[in-house]
Ligand code: ADP
Ligand code: MG
């Protein structure tokens, strides 16, 4: 689960990590009031969406007049902001953060994340702040300093010093960084975070350290013990299909391709996606309908896959181990009764009651292709998607 910048900055404040003064506003009037509350003569208006790259997309605007703050808030609020990190549809802007402007001397990068291979929290820092850190890492890995924190002893002062020297900080700044790192590490552990990122962390003109941006991702599997953080969820920023899937206890993740996949079991779902790729196609989603599923849930899952306008063909790949193939067939037939299916459908049913399932589908009058092996299924659906994509003019 992601937090908004203003929520992450609240957490930062609570952990003594310096951030600019700011007020969140949900209407142009509130944005205007924020300028009075903050005082000063200049402000920065920042669109609150669950994505970075806002600066380049017009989502971060410096203003030198309260009327301009109001106007920028009016422009952003209610709009959808598209950045390099959102899809083509962008994300809805329901709030803006009005901040005091910071005079920036240097822009640095600081990130904490779980390094699964090392089984530790890793702290990453770079003097190339304000840029796409993945690009920095790819171009010049030596520009990144990396320390791993021992979970038993915690973050050690020498580790903070090492990062401070690598960032070229002077003595008072290194001391400020120590305090900031301790706060961030505590925040990371206490809130079950999976990522805490400050890009940019700035050295101000006055020589202090300030987190100008704040990104916090939380481990969704730990939310049951983080009710206060879970309450910060903004489902308006999340994929509506993933939300609908969660409501039906389906494991669904939206992807960029055009082949809808309905599979049972996470392992088979991964293998199916690999096979689709191997045969030259691209999956539109990951979907695991689960083991002990019902016809209703299959129907919901099928509707979900079809509701994605990118989908040019659907592959149903079910291995009946715990789940019965006839139930899956019933679910598909039920779904098709509710929603029209106008894309090619390839079905592979194997295992428990597969023959019954295939018979149900054959009797339903539904237009579909069947496949025996995994490869055959992938081959057929990739060809079908290519044909359907060509006929509708989409790719
Ligand atoms: P994003 O990463 O989504 O583009 P940031 O919060 O990093 O958004 O802001 C983009 C840029 O805008 C920053 O690199 C910084 O140069 C500038 N900026 C952001 N907040 C402030 C602020 N309070 N004062 C001055 N400049 C700011
Ligand atoms: Mg940023």
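For this structure, a couple of remarks:
- Potential lengthening between residue 104 and residue 117 on full extension [0.36 nm per residue; Cα-Cα distance subtracted]: 1.1 nm
- Seen from a random direction on average, the alpha-carbon convex hull of the range 240-389 projects onto 7.3 square nanometres.
- Rg over Rh, two decimals, the range 294-358 (C-alpha only, Kirkwood Rh): 0.96
- Kirkwood-Stokes translational diffusion coefficient of the chain, alpha-carbon pairs, 37 °C, 0.692 mPa s, µm²/s: 138 µm²/s
- Spin-label pair residue 56/residue 206, simplified geometry with 7 Å Cα→Cβ offset, distance in nm: 3.2 nm
- When Rg and the Kirkwood radius Rh are both evaluated on Cα atoms of the range 108-192, their ratio Rg/Rh stands at 0.95.
- With the convex hull drawn over the C-alpha atoms of the range 206-303, the volume per residue is 180 Å³.
- For the range 136-280, the direction-averaged projected area of the alpha-carbon convex hull comes to 13.3 nm².
- Rounded to 10°, Cα long-axis angle of helix 354-363 versus longest principal axis of the chain: 80 degrees
- Neighbour-count order for 204, 272, fewest beta carbons within 10 angstrom listed first: 204, 272
- Part-to-part distance (alpha-carbon centres) for the range 237-251 and the range 1-46, which is given in Å: 30 Å
- Ratio Rg/Rh [Cα only; Rh per Kirkwood] for the range 212-252: 1.01
- Of all DSSP beta bridges in the chain, antiparallel share, percent nearest 5: 75 percent
- Considering all C-alpha pairs of the range 21-101, those separated by over 20 Å amount to 24%.
- Footprinting exposure proxy ranking of 273, 124, 156, 262, fewest other C-beta atoms within 10 angstrom first, gives 156, 124, 273, 262.
Laboratory data are not the source of any read-out in this text; all were calculated from the coordinates shown. What you are looking at is a predicted structure, and each value in this text was computed from that prediction instead of being measured. A quick note on method: Cβ atoms are made from the backbone with ideal geometry, for glycine too, and the neighbour counts reach across all protein chains shown.
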